[in-house]
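The values are calculated or read from the model by the stated rules, or taken from the named source; none is laboratory data. Source: prediction; values computed, not measured. Ideal geometry is used to build each Cβ from the backbone, glycine not excepted, and the neighbour counts take in all protein chains shown.
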Amino acid sequence: MKLGFGLYRHMLNEAHYKFAKQCGATHLVIHLVDYFGTEKNTKENTNQPVGEKDGWGKAGSGSEIWSLEELSRIKAEINSHGLELEAIENFDPAHWHDILLDGPKKKVQIENLKQLIRNVGAAGIPVFGYNFSLAGVSSRIVGKFARGGAISVAMEAGDETPIPNGMVWNMVYDENAPEGYLPKIRHQELWGRLKYFLDELVPVAEEAGVKLAAHPDDPPLPYVRNTPRLVFQPGLYQKLIDLKDSPANNLEFCLGSVAEMTEGDVYEATDQYSQQGKISYVHFRNVIGKVPNYKEVFIDEGDIDMLRILRILKKNKFDGVLIPDHTPQMSCDAPWHAGMAFAMGFMKAAISMVKSEN
Ligand SMILES: [Mn+2]
């Protein structure tokens with residue numbers, strides 16, 4: 001088990017690499033999607049993006065995938081700070097909107113994703129995390145939901161607003177799309193789209209030495225914004241794994257999202273998927289409650305016994321990275337940094353304690 005840290009695109013700089021290292025991280029998971037146009041807007045409070053009318057901003061360029069040159073440069077920079085680059089998290093909606101939506105550019109886009117995964121492999125980055133979802137992260141509210149009135153996110157009801165044409169995964173990929181909304185489809189249709197994606201991409205990932213790692217739905221509800229979701233119960237992760245038998249078909253195991261699910265339990269799910277060696281990396285965070293009523297809280301405050309999770313992972317010889325994902329913000333001059341440092345300190349102590357147990 002390795003302690004990692006997650007950074008968004010606008011945080012890929014010396015100050016944040018140093019911060020991660022100082023928190024005890026050995027590995028990084030990075031986002032390259034420019035949510036909210038944050039490359040120009042470096043406010044730290046964008047670390048917990050909340051969907052608004054225009055979503056999380058404009059998707060990137062459809063024709064330009066992340067190049068080997070760019071990926072290698074970022075990796076070298078990270079390595080020069082004494083850190084390993086474990087994973088990239090999320091595709092840019094501009095690169096795969098028609099794969100998600102079964103649109104006319106699907107075939108061009110799947111070829112682009114294949115090249116992207118080859119680039120990722122050639123750069124020596126072992127994991128690519130993704131979330132096969134039309135609505136993406138949704139239905140969040142922000143408030144004083146964590147201990148001591150710390151600002152955090154929660155959910156009270158599923159967002160029912162339909163998704164406008166030209167938008168997917170909370171981002172606008174076509175500003176000139178015709179008026180109207182995404183048509184309602186059934187779960188079976190969406191599973192079919194996922195199967196196409198896995199059938200095409202997994203063999204390429206395998207060859208490139210990259211593991212594709214699926215995040216569950218956040219929030220895990222059967223429908224959000226009039227669109228079906230795929231992994232909204234723990235057992236549906238197995239369905240995703242069984243859809244394509246390959247060591248490259250893996251999971252980005254989000255403890256928060258799994259704990260928010262109404263069926264099963266987070267310990268059994270952790271055991272089931274780590275036993276199969278299917279977990280590439282873990283979003284190590286805690287929550288109180290389940291959909292449609294939960295709140296994200298401090299790592300030691302929620303429903304999940306985090307030490308019990310670590311013991312299960314140890315029993316099953318999990319050798320991957322754990323990152324804090326998101327965390328409540330603390331009342332001080334650096335709310336995001338303080339929240340993250342608190343989570344990292346807890347994780348570092350907990351991991352070394354569990355490792356030392358017989
Ligand atoms: Mn997560």
Checklist entry - Give me the pairs: first residue in segment 264-293 and farther than 24 Å from Gly4 by Cα and free of Cβ contacts under 8 Å to residues at least 40 places away in the same chain, second residue of a type in the set (D, E, K, R) and within 13 Å of the ligand (Cβ to nearest atom), beta-carbon distance under 7 Å, and six or more apart or on different chains, which are they? => result Lys290/Glu260
Checklist outcome for this item: Conditions (1) surrounded by 20 or more Cβ atoms within 10 Å (Cβ to Cβ); (2) at pLDDT below 95 -> Val50 fails only (1)
Item to check | All positions within segment 167-221 that are among the acidic types (Asp, Glu), part of a loop (DSSP other than H, G, I, E, B) and surrounded by fewer than 23 Cβ atoms within 10 Å (Cβ to Cβ) | outcome: Asp174, Glu175, Glu179
Checklist outcome for this item: Over segment 68-97, the set of residues under 20 Å from the mean Cα position of the chain (by Cα) and over 26 Å from Gly24 (Cβ atoms) is Phe91, Asp92, Pro93, Ala94, His95, Trp96, His97
Checklist entry - Would it be correct to say that Ile312 is touching a strand residue (DSSP E or B) at 6+ places or on another chain (Cβ under 9 Å) and within 19 Å of Asp265 (Cβ to Cβ)? => result no
Checklist outcome for this item: Within segment 72-95, the residues that are surrounded by 19 or more Cβ atoms within 10 Å (Cβ to Cβ) and free of Cβ contacts under 8 Å to residues at least 40 places away in the same chain are His95
Checklist entry - Regarding Arg229, is this residue among the charged types (D, E, K, R) and surrounded by 22 or more Cβ atoms within 10 Å (Cβ to Cβ)? => result yes
Item to check | Filter result for Val266 (over 21 Å from Leu28 (Cβ atoms) and touching a helix residue (DSSP H, G or I) at 6+ places or on another chain (Cβ under 6 Å)) | outcome: yes
Checklist entry - Restricting the search to segment 280-308, which residues are crowded, with 23+ Cβ neighbours inside 10 Å and either away from the ligand (no atom under 15 Å from the Cβ) or farther than 23 Å from Gly345 by Cα (or both)? => result Tyr294
Checklist entry - Within segment 274-303, how many residues turn out to be more than 15 Å from Ala154 (Cα to Cα) and either basic (Lys, Arg) or touching a Gly at 6+ places or on another chain (Cβ under 8 Å) (or both)? => result 6
Checklist entry - Do we have Gly277 as part of a loop (DSSP other than H, G, I, E, B), crowded, with 21+ Cβ neighbours inside 10 Å and not hydroxyl-bearing (Ser, Thr, Tyr) here? => result no
Checklist entry - Of the residues in segment 104-163, how many are at pLDDT below 95, crowded, with 21+ Cβ neighbours inside 10 Å and hydroxyl-bearing (Ser, Thr, Tyr)? => result 2
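For every residue, the table says whether it meets (1) within 16 Å of the ligand (Cβ to nearest atom); (2) closer than 14 Å to Val297 by Cα; (3) crowded, with 17+ Cβ neighbours inside 10 Å; (4) at pLDDT 95 or above.
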residue	(1), (2), (3), (4)
Leu310	no, no, yes, yes
Gly320	yes, no, yes, yes
Thr327	yes, yes, yes, yes
Asp333	no, no, no, yes
Met340	yes, yes, yes, yes
Met347	yes, no, yes, yes
Checklist entry - If you go through segment 222-267, how many residues are among the aromatic types (Phe, Trp, Tyr), within 14 Å of the ligand (Cβ to nearest atom) and part of a strand (DSSP E or B)? => result 1
Next on the checklist: Can you tell me which of (1) under 16 Å from Gly6 (Cα atoms); (2) out of contact with any Gly (no Cβ under 9 Å at 6 or more places or on another chain); (3) not in a loop (DSSP other than H, G, I, E, B) is the one Lys314 doesn't meet?
Outcome noted: (1)
